[in-house]
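**Student:** One structure, pasted below without further comment.
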Amino acid sequence: MNSELQRLLAMQNDHVLNTYTRDTMMVRGQGSYLWDAEGRRYLDFTMGISVCNLGHCHPRVTAALCAQAGTLVHASNLFYNDKQPQLAKLIADHSFGGKVFFANSGAEANEGLIKLARRWGNTQSDGKNNIIAMENSFHGRTLATLAATGRSKYRVGFQPDMPGFDFATYNDLDSVKAKITPRTAAILVEPVLGEGGVVPATPQFLTGLRQLCDQNNLLLLFDEVQTGMGRTGKFFAHQHFGVIPDAMSMAKALGNGIPLAAFEVQQRLADVLTPGTHASTFGGTPLACAAGIAVFETLEQENVLANANAMGELFEQELTALKAKHSYVTDIRRLGLMLGVDVGEKVKAIQEGCRKRGLLVLTAGEQTLRLMPALTINREQVLEGIAILAEAMA
Ligand SMILES: *Cc1c(COP(=O)(O)O)cnc(C)c1O
């Protein structure tokens, strides 16, 4: 280890709170590759946890950021800026034509969904302000989004839990039905469980949720923070199912690495949040929105989604061949370039084996390898990664 790296790690140790488990310092990224502080190169199948979907330092996003950084970075939401309406229209045109609130993180966007549901529900009838969320879901680390997250380990030590959330079983419509009461205002669900193990919803589940919401006057809220922006081969995952939410959140890949998030609501709900009811200092700065516009333009103009779907099929073929060789591989799940491989208790060992050989992969849940490569990845890079994974699994 060189002395500069040692010096930085000592500073880190002294002055950065130790809330993450990590041991490699990354200093540069380009496309599907990352380089660490000691000059080692990694093929990246994590993409910053599905944030840099277009690859690291995509030239179009970098150019948009550089231009905007020299024009106007931030003027606050006391004023309009010229980038917000353009990005809002791009989001609306590629989803359900709604209205957008800009935020900075997935948790913040989900907080907005929760506030929307409560404020709407409270106008419908007294005490109609509870939300049904799913076991094994993940919605963020703020107090409300933690309370909505169906993995109690994240809440340990942070009691009291924020009230107002009930839990049902993912992909089990009857379990949701059983939780609906006159107090229920909304159902919050990821179209594909991300952190919970890369589990796509069944079409019957999402269609059934839509019907339950319509029959019981509830809002259907989709958390597309991880699944949005092309990750699953369409702009938003719910477009695979033909089920339209009343509102949805997005974040991770919206700015290809620049903190940028949003929630979008149907036009008929646009008056639930009136002036003064919700705000965010950094929400939708011209700088962040310039990145978001460049992301949409790249997705539209550079054939990215077609590539993601083709590369996803190649991954599935290659992973299926690996599954045939290793009996501990029990299942492969995929939507676009969001892939989960169940490998049981070997998951951490395989992840570490990959890293040592220059490939970065994620885990999800307790026994799933999660692969979320750049949507711009090419055939050679897929095969390069699969070869490393095959060695690590052997
Ligand atoms: C990452 C994630 C979040 C939280 O996003 P942050 O930007 O970390 O707050 C919420 N929901 C889902 C589905 C996520 O994957």
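**Student:** Could you list, in sequence order, the residues of the stretch 208-241 that are under 24 Å from LEU339 (Cβ atoms) and surrounded by fewer than 23 Cβ atoms within 10 Å (Cβ to Cβ)?
**Tutor:** Within the stretch 208-241, LYS234, PHE235, GLN239, HIS240, PHE241 meet the criteria.
**Student:** From the set of residues in the stretch 252-308 that are part of a loop (DSSP other than H, G, I, E, B) and among the hydroxyl-bearing types (Ser, Thr, Tyr), which is nearest to the ligand (Cβ to nearest atom)? So that I can check it myself, show each step before the final result.
**Tutor:** Quick first cut of the stretch 252-308, residues part of a loop (DSSP other than H, G, I, E, B) only: 257, 259-260, 266, 270-285, 302-303.
Now restrict to residues that are among the hydroxyl-bearing types (Ser, Thr, Tyr): 274, 277, 280-281, 285.
Values: THR274: 25, THR277: 21, SER280: 13, THR281: 16, THR285: 16 Å.
This residue is SER280.
**Student:** As an exercise: evaluate THR274 against (1) crowded, with 20+ Cβ neighbours inside 10 Å; (2) more than 19 Å from SER76 (Cβ to Cβ); (3) among the hydroxyl-bearing types (Ser, Thr, Tyr) and give the number of the one condition it does not meet.
**Tutor:** Result: THR274 fails condition (1) only.
**Student:** Now a separate question. Among the residues of the stretch 22-47, how many are outside any strand (DSSP E or B), surrounded by fewer than 19 Cβ atoms within 10 Å (Cβ to Cβ) and not hydroxyl-bearing (Ser, Thr, Tyr)?
**Tutor:** 7
**Student:** Something else about it: May I ask you to list pairs of residues, at least six apart or on different chains, whose Cβ atoms are under 6 Å apart, with the first in the stretch 54-68 being closer than 18 Å to SER32 by Cα and the second being part of a helix (DSSP H, G or I)?
**Tutor:** Sorted first by the residue in the stretch 54-68, then by its partner, the pairs are LEU54/THR298; ARG60/ALA294; ARG60/THR298; VAL61/ALA291; VAL61/ALA294.
**Student:** List, please: which pairs have Cβ atoms under 7 Å, are six or more places apart or on different chains, and start with a residue in the stretch 212-224 that is at pLDDT 95 or above and end with one that is among the small types (Gly, Ala, Ser) and assigned to a helix (DSSP H, G or I)?
**Tutor:** Short answer, once both residue conditions are applied: LEU219/ALA117; LEU221/ALA117; GLU224/ALA237.
**Student:** List every residue pair whose Cβ atoms lie under 7 Å apart, where the two residues are 6 or more positions apart in sequence or sit on different chains, the first residue falls within the stretch 254-267 and is closer than 14 Å to LEU87 by Cα, and the second residue, located anywhere, is within 12 Å of the ligand (Cβ to nearest atom) and among the acidic types (Asp, Glu).
**Tutor:** ALA261/GLU108
**Student:** Given the criteria within 25 Å of ARG231 (Cα to Cα), out of contact with any Gly (no Cβ under 7 Å at 6 or more places or on another chain) and assigned to a helix (DSSP H, G or I), does ALA88 qualify? So that I can check it myself, show each step before the final result.
**Tutor:** Working: within 25 Å of ARG231 (Cα to Cα): yes; out of contact with any Gly (no Cβ under 7 Å at 6 or more places or on another chain): yes; assigned to a helix (DSSP H, G or I): yes.
Answer is yes for this residue.
**Student:** Considering LEU54, LEU65, which residue is in contact with a helix residue (DSSP H, G or I) (Cβ under 8 Å, 6 or more places away or on another chain) and part of a helix (DSSP H, G or I)?
**Tutor:** Numbers: LEU54 fails: part of a helix (DSSP H, G or I).
When all the criteria are applied, what remains is LEU65.
**Student:** Next question, about the same structure. Where residues in the stretch 137-161 are exposed (fewer than 13 other Cβ atoms within 10 Å of the Cβ) and of a type in the set (S, T, N, Q), which of them is farthest from the ligand (Cβ to nearest atom)?
**Tutor:** Looking at residues that are exposed (fewer than 13 other Cβ atoms within 10 Å of the Cβ) and of a type in the set (S, T, N, Q), I get GLN159.
**Student:** Can you pull out the residues in the stretch 48-71 that are more than 16 Å from the ligand (Cβ to nearest atom) and either surrounded by 15 or more Cβ atoms within 10 Å (Cβ to Cβ) or closer than 24 Å to ALA237 by Cβ (or both)?
**Tutor:** Quick first cut of the stretch 48-71, residues more than 16 Å from the ligand (Cβ to nearest atom) only: 54-71.
Selection gives LEU54, GLY55, HIS56, CYS57, HIS58, ARG60, VAL61, THR62, ALA64, LEU65, GLN68.
**Student:** Also, I was wondering about something else. Does PHE315 satisfy the criteria of being outside any strand (DSSP E or B) and not assigned by TED's automatic domain parsing to the domain that holds LEU260? So that I can check it myself, show each step before the final result.
**Tutor:** Working: outside any strand (DSSP E or B): yes; not assigned by TED's automatic domain parsing to the domain that holds LEU260: yes.
Answer is yes for this residue.
**Student:** If you check ALA253 against the conditions, is it of a type in the set (Gly, Ala, Ser), crowded, with 24+ Cβ neighbours inside 10 Å and farther than 30 Å from GLU366 by Cβ? Spell out how you get there, then give the answer.
**Tutor:** On the way: of a type in the set (Gly, Ala, Ser): yes; crowded, with 24+ Cβ neighbours inside 10 Å: yes; farther than 30 Å from GLU366 by Cβ: no.
Judged against the criteria, ALA253 is not a match.
The values are calculated or read from the model by the stated rules, or taken from the named source; none is laboratory data. All of these numbers come straight from a predicted model, not from anything done at the bench. We place every Cβ from the backbone using ideal geometry, glycine too, and count neighbours over all the protein chains shown.
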